[in-house]
Amino acid sequence: MKSRCIETQSLWLSGLACFITIALGTLNTATQAAEPASTARYQKILFLGNSITLHGPSKKIGWEGNWGMAASSRDKDYVHLVTRSLAKSSGTDPTMLAKNIAAFERLYATYDLQEHLQDALAFHPDLVVLAIGENVPQLKTAEAQATFQASVEKLLKQLQSDNQPTIIVRSSFWPDQKKDDALRQACQTAGGIFVDISNLGKEEKNYARSERDFQHAGVAAHPGDQGMQAIAAAILKAIQNK
């Protein structure tokens, strides 16, 4: 009788262990299934900016890169730092499109979005990073500021496709209150997240000229590796806190 009791107890404990194992396995499977939805939500990233975002080789100014001026290599500009960080956190490599729209900055009042941004509009990103302002002419009047703001609002509206992308708009690396205020207001109208990096341009260590010598002063005035890292960190923080 004693032997049978021990055998029954052993079977009961074995069954309990099996139940716990199955339950934990089901829980882990459910957790793993839930993770991709949150960590891999950004599969298509669009970066719109100026030379800080992307600039091809130019012998005239001594720039040989084909990435964000004036990072020392492609993997050290803010575009690739942000993309790589998001890929690491999600475990998948997102599709990325970086486009220089300096022409929009200079001609914002008459810029034809449909003509010049066909590839960006057809991309249908789920994350948009707008990094402009540095090439915008000085906004000397309230009317000029309002026109610039309206042009940015129009641009962001065009990018708000059916999948309703997350929109990040950063202030200028070379801070300018009127330009940055217009960018901030346009961002708010679009329901985006404004990232203020105005303090970065106030620190000499963030300029490329503080890291190495350049032939052209304009190139040297761009963010260097440290400045690019700081820009990327600010954008990533905004995304993570969303």
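The values are calculated or read from the model by the stated rules, or taken from the named source; none is laboratory data. Note that this is a predicted model, so its numbers are computed, not measured. A quick note on method: Cβ atoms are made from the backbone with ideal geometry, for glycine too, and the neighbour counts reach across all protein chains shown.
Can you tell me how many residues in the range 83-96 are surrounded by fewer than 17 Cβ atoms within 10 Å (Cβ to Cβ) and outside any helix (DSSP H, G or I)?
Qualifying residue count, the range 83-96: 4.
Among residues belonging to the range 159-168 that are of a type outside the set (A, V, I, L, M, F, W, C) and within 18 Å of T53 (Cβ to Cβ), point out the one that is farthest from the chain's Cα centre (by Cα). Write out each step before concluding.
The first filter runs over the range 159-168 and keeps only residues of a type outside the set (A, V, I, L, M, F, W, C), leaving 160-166.
After this cut, where a residue has to be within 18 Å of T53 (Cβ to Cβ) as well, the list is 165-166.
On the way: P165: 12, T166: 10 Å.
My answer is P165.
Going through the range 179-192 one residue at a time, which ones are farther than 23 Å from S161 by Cβ and crowded, with 20+ Cβ neighbours inside 10 Å?
K179, A182
I want to confirm something. Restricting to the range 107-124 and keeping residues that are modelled with pLDDT of 95 or more and not in a helix (DSSP H, G or I), which single residue is surrounded by the fewest Cβ atoms within 10 Å (Cβ to Cβ)?
Among them, the one singled out is T110.
Across the range 50-82, what is the number of residues that are outside any loop (DSSP other than H, G, I, E, B), in contact with a helix residue (DSSP H, G or I) (Cβ under 7 Å, 6 or more places away or on another chain) and either surrounded by 20 or more Cβ atoms within 10 Å (Cβ to Cβ) or basic (K, R) (or both)?
Qualifying residue count, the range 50-82: 8.
Among the candidates V128, V195, which residue alone is surrounded by 16 or more Cβ atoms within 10 Å (Cβ to Cβ) and touching a Phe, Trp or Tyr at 6+ places or on another chain (Cβ under 9 Å)? Give the derivation first.
Values: V195 fails: touching a Phe, Trp or Tyr at 6+ places or on another chain (Cβ under 9 Å).
After ruling out the rest, the residue left standing is V128.
Out of all the residues in the range 37-49, which are small (G, A, S) and outside any loop (DSSP other than H, G, I, E, B)? It would help to see each step written out before you state the result.
Just the residues of the range 37-49 that are small (G, A, S), to begin with: 37-38, 40, 49.
Passing the criteria: A37, S38, G49.
Pick out the one residue from K99, K88, K140, K154 that is in contact with a helix residue (DSSP H, G or I) (Cβ under 9 Å, 6 or more places away or on another chain), among the basic types (K, R) and under 18 Å from A232 (Cα atoms).
On the way: K88 fails: in contact with a helix residue (DSSP H, G or I) (Cβ under 9 Å, 6 or more places away or on another chain); K140 fails: under 18 Å from A232 (Cα atoms); K154 fails: under 18 Å from A232 (Cα atoms).
Of K99, K88, K140, K154, the one residue that is in contact with a helix residue (DSSP H, G or I) (Cβ under 9 Å, 6 or more places away or on another chain), among the basic types (K, R) and under 18 Å from A232 (Cα atoms) is K99.
Taking the stated definitions as given, is K76 at pLDDT 90 or above, out of contact with any Gly (no Cβ under 8 Å at 6 or more places or on another chain) and over 30 Å from V128 (Cβ atoms)? Spell out the reasoning first.
Values: at pLDDT 90 or above: yes; out of contact with any Gly (no Cβ under 8 Å at 6 or more places or on another chain): yes; over 30 Å from V128 (Cβ atoms): no.
So K76 fails the test.
Among the residues of the range 98-106, are any over 21 Å from V79 (Cα atoms) and surrounded by 10 or more Cβ atoms within 10 Å (Cβ to Cβ)?
Initially, the range 98-106 is screened for residues over 21 Å from V79 (Cα atoms), giving 106.
From the residues that got through so far, the ones that are surrounded by 10 or more Cβ atoms within 10 Å (Cβ to Cβ) too are 106.
Within the range 98-106, one or more residues are over 21 Å from V79 (Cα atoms) and surrounded by 10 or more Cβ atoms within 10 Å (Cβ to Cβ).
Report yes if I197 is outside any loop (DSSP other than H, G, I, E, B) and either hydroxyl-bearing (S, T, Y) or assigned by TED's automatic domain parsing to the domain that holds T95 (or both), otherwise no. Break it down stepwise before answering.
Values: outside any loop (DSSP other than H, G, I, E, B): no; either hydroxyl-bearing (S, T, Y) or assigned by TED's automatic domain parsing to the domain that holds T95 (or both): yes.
Spelling it out, it is not the case that I197 is outside any loop (DSSP other than H, G, I, E, B) and either hydroxyl-bearing (S, T, Y) or assigned by TED's automatic domain parsing to the domain that holds T95 (or both).
Within the range 202-229, count every residue that is under 17 Å from G49 (Cα atoms), surrounded by fewer than 20 Cβ atoms within 10 Å (Cβ to Cβ) and either out of contact with any Lys or Arg (no Cβ under 9 Å at 6 or more places or on another chain) or not polar (S, T, N, Q) (or both). If you could, list the steps in order and put the result at the bottom.
Within the range 202-229, the subset under 17 Å from G49 (Cα atoms) is 218-219, 221-224, 227-229.
Still in the list and also surrounded by fewer than 20 Cβ atoms within 10 Å (Cβ to Cβ): 218-219, 221, 229.
Right, trim to either out of contact with any Lys or Arg (no Cβ under 9 Å at 6 or more places or on another chain) or not polar (S, T, N, Q) (or both) and you get 218-219, 221.
So the answer is 3.
Taking the condition within 18 Å of L81 (Cβ to Cβ) and in contact with a helix residue (DSSP H, G or I) (Cβ under 8 Å, 6 or more places away or on another chain), does A230 pass?
When the stated conditions are applied, A230 passes them.
Could you list, in sequence order, the residues of the range 131-162 that are buried (at least 16 other Cβ atoms within 10 Å of the Cβ), in a loop (DSSP other than H, G, I, E, B) and free of Cβ contacts under 8 Å to residues at least 60 places away in the same chain?
Residues satisfying the conditions are G133, V136, L139.
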